[in-house]
1. If the requirement is being under 23 Å from residue 145 (Cα atoms), surrounded by 11 or more Cβ atoms within 10 Å (Cβ to Cβ) and more than 31 Å from the chain's Cα centre (by Cα), which of these qualifies: 171, 180, 161, 175?
2. For the stretch 67-80, give me the residue count where each residue is more than 17 Å from residue 137 (Cα to Cα), assigned to a helix (DSSP H, G or I) and in contact with a helix residue (DSSP H, G or I) (Cβ under 9 Å, 6 or more places away or on another chain).
3. Identify the residue in the stretch 76-131 that is in contact (Cβ under 8 Å) with a residue 40 or more places away in the chain and loosely packed, with under 13 Cβ neighbours inside 10 Å and, among all such residues, is farthest from residue 34 (Cα to Cα).
4. Taking the options 83, 109, name whichever one is modelled with pLDDT of 85 or more, within 19 Å of residue 31 (Cβ to Cβ), in a helix (DSSP H, G or I) and not assigned by TED's automatic domain parsing to the domain that holds residue 35.
5. Residues of the stretch 86-99 being at pLDDT below 85 and out of contact with any helix residue (DSSP H, G or I) (no Cβ under 8 Å at 6 or more places or on another chain), which ones?
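The values are calculated or read from the model by the stated rules, or taken from the named source; none is laboratory data. It should be emphasised that the depicted structure is a prediction, and the values quoted were computed from it without experimental measurement. Heads up, the Cβs are rebuilt from the backbone with ideal geometry, glycines too, and the neighbour counts pull from every protein chain shown.
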């Protein structure tokens with residue numbers, strides 16, 4: 001199979017530049033719709049990447065007219081997953097598609113067959129924050145639980161007991177959240193830095 005080269009066309013994508021990377025070399029491409037995206041070169045050669053995501057969106061919208069679910073919550077959730085993972089122009093793309101996260105369901109019908117309509121007040125969440133959207137890695141959760149599972153979420157360890165949020169630790173210990181933040185992160189007062197208290201710390205829940 002020939003190598004990807006500047007000027008090559010793959011579906012709707014035309015290669016503008018090659019981006020070197022020892023593990024997952026990418027290419028800067030322009031889509032026929034005008035969007036710039038950065039697919040992996042292997043995905044181009046294997047025809048897995050043929051647009052910035054607009055083609056899948058168009059196909060998805062076309063299918064939505066047949067299953068009559070276009071106004072349902074499950075449909076909006078599925079469409080949001082595709083947007084985050086496939087559309088390089090999306091603000092959320094860097095945290096999803098830009099990290100290699102994909103939607104493993106090939107159609108809304110497949111997604112609905114596995115997950116059904118979400119219970120009232122619940123949204124989709126990935127069990128493994130670094131994994132793909134799939135039946136094995138997704139569940140319905142409350143907005144509060146979803147917030148705890150974000151990549152920027154922290155674990156708070158206080159006297160060798162770990163809490164999933166500073167709010168949870170505050171309730172358990174009867175200590176104000178601001179005090180927990182100071183003792184776990186350290187603070188500066190009058191130009192003097194005070195390090196975290198011994199036995200108190202916080203760290204990112206999901207490491208790069």
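1. On the way: 171 fails: more than 31 Å from the chain's Cα centre (by Cα); 180 fails: more than 31 Å from the chain's Cα centre (by Cα); 161 fails: more than 31 Å from the chain's Cα centre (by Cα).
On inspection, the qualifying residue turns out to be 175.
2. Narrowing the stretch 67-80 to residues more than 17 Å from residue 137 (Cα to Cα): 67-73, 75-76, 79.
Retained after the next criterion (residues that are assigned to a helix (DSSP H, G or I)): 67, 73, 75-76, 79.
Subset that is in contact with a helix residue (DSSP H, G or I) (Cβ under 9 Å, 6 or more places away or on another chain): 67, 75, 79.
Adding up the residues that qualify gives 3.
3. To start, the set of residues in the stretch 76-131 that are in contact (Cβ under 8 Å) with a residue 40 or more places away in the chain comprises 77, 81, 85, 87-89, 95, 97-98, 100, 107-109, 112, 115-118, 123-124, 129-130.
Subsequent filtering for residues that are loosely packed, with under 13 Cβ neighbours inside 10 Å retains 100, 116.
Numbers: 100: 22, 116: 35 Å.
Taking the candidates together, the pick is 116.
4. Numbers: 109 fails: within 19 Å of residue 31 (Cβ to Cβ).
After applying the criteria, what remains is 83.
5. Scanning the stretch 86-99 gives 89, 91, 94, 99.
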